[in-house]
Amino acid sequence: MTVEKKNFNLATSELTLNHAKQLQTINKVVLNSHYDLKFSKNACNDLTLLGFFNDITSGAITCKKLDEKSIEIETIAVLKNYQNFGLGSLLVKDLLKNLSTLKFQKAFVKISKLNNITIELFKKFEFAVDTECKENVERDEDFVYLVKDIVAEN
């Protein structure tokens, strides 16, 4: 699909039960992940966003709450035909804004070392390599672990 870069609209929205199947489909197509519908329905909270390209559901970012102050970003996915238009950046930006509003203090993400594009995306938002092990997680050497301190909105 060819789309002129200057004539499009990007948006995000919180995941609702009505869109849970869309999240499941995006994760299956982009990540080759076979999350069941229960995963998508459980993700219906203000920690999961869908991304839209001209009103077409084209991406998603999901998180899970680790404790009252921190979250882990579990997935970020943008359909291939909608990549390189800024939708991934918008998903991360809007998620960080939500996390700030909700008074979270840290966000963690685990990314395959082979996925340079996603690593650079998160580094663009000031995620840094996490040198401390969180919650006694055994580190997998095939992954890079990033963390970001979140500043609360006033």
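The values are calculated or read from the model by the stated rules, or taken from the named source; none is laboratory data. On a predicted model such as this, the values are computed, not experimentally measured, just so you know. Every residue, glycine among them, receives a Cβ derived from its backbone with ideal geometry; neighbour counts consider all protein chains shown.
Quick notes
- Qualifying position, being at pLDDT below 90, surrounded by 14 or more Cβ atoms within 10 Å (Cβ to Cβ) and farther than 20 Å from Phe108 by Cα, among Lys6, Lys28, Lys41: Lys41
- Among the conditions (1) at pLDDT 75 or above; (2) polar (S, T, N, Q); (3) surrounded by fewer than 21 Cβ atoms within 10 Å (Cβ to Cβ), the only one that Ser33 does not satisfy is (1).
- When Lys65 is tested against the conditions (1) surrounded by fewer than 21 Cβ atoms within 10 Å (Cβ to Cβ); (2) under 16 Å from Gln24 (Cβ atoms); (3) not aliphatic (A, V, I, L, M), the lone failure is (2).
- The single residue among Leu79, Leu102 that is under 24 Å from Lys123 (Cβ atoms), over 16 Å from the mean Cα position of the chain (by Cα), modelled with pLDDT of 90 or more and surrounded by fewer than 21 Cβ atoms within 10 Å (Cβ to Cβ) turns out to be Leu102.
- Selection within the stretch 98-133 - in a helix (DSSP H, G or I) and closer than 20 Å to Ala77 by Cα: Asn98, Leu99, Asn116, Ile117, Thr118, Ile119, Glu120, Leu121, Phe122, Lys123, Lys124
- Just one of the numbered conditions (1) free of Cβ contacts under 8 Å to residues at least 60 places away in the same chain; (2) touching a Leu at 6+ places or on another chain (Cβ under 7 Å); (3) small (Gly, Ala, Ser) is not true of Gly86: (1).
- Residues that are of a type in the set (S, T, N, Q) and either under 10 Å from the mean Cα position of the chain (by Cα) or in a loop (DSSP other than H, G, I, E, B) (or both) were ranked within the stretch 46-61; the one that is modelled with the lowest pLDDT is Thr48.
- Number of residues in the stretch 70-84 that are among the aliphatic types (A, V, I, L, M) and out of contact with any Cys (no Cβ under 6 Å at 6 or more places or on another chain): the value is 4.
- Evaluating Gly88 against the criteria (1) at pLDDT below 95; (2) part of a helix (DSSP H, G or I); (3) buried (at least 19 other Cβ atoms within 10 Å of the Cβ) leaves one unmet condition, (1).
- Residue satisfying condition, being without any contact (Cβ under 8 Å) to a residue 12 or more places away in the chain and among the polar types (S, T, N, Q), within set Asn81, Asn116: Asn116
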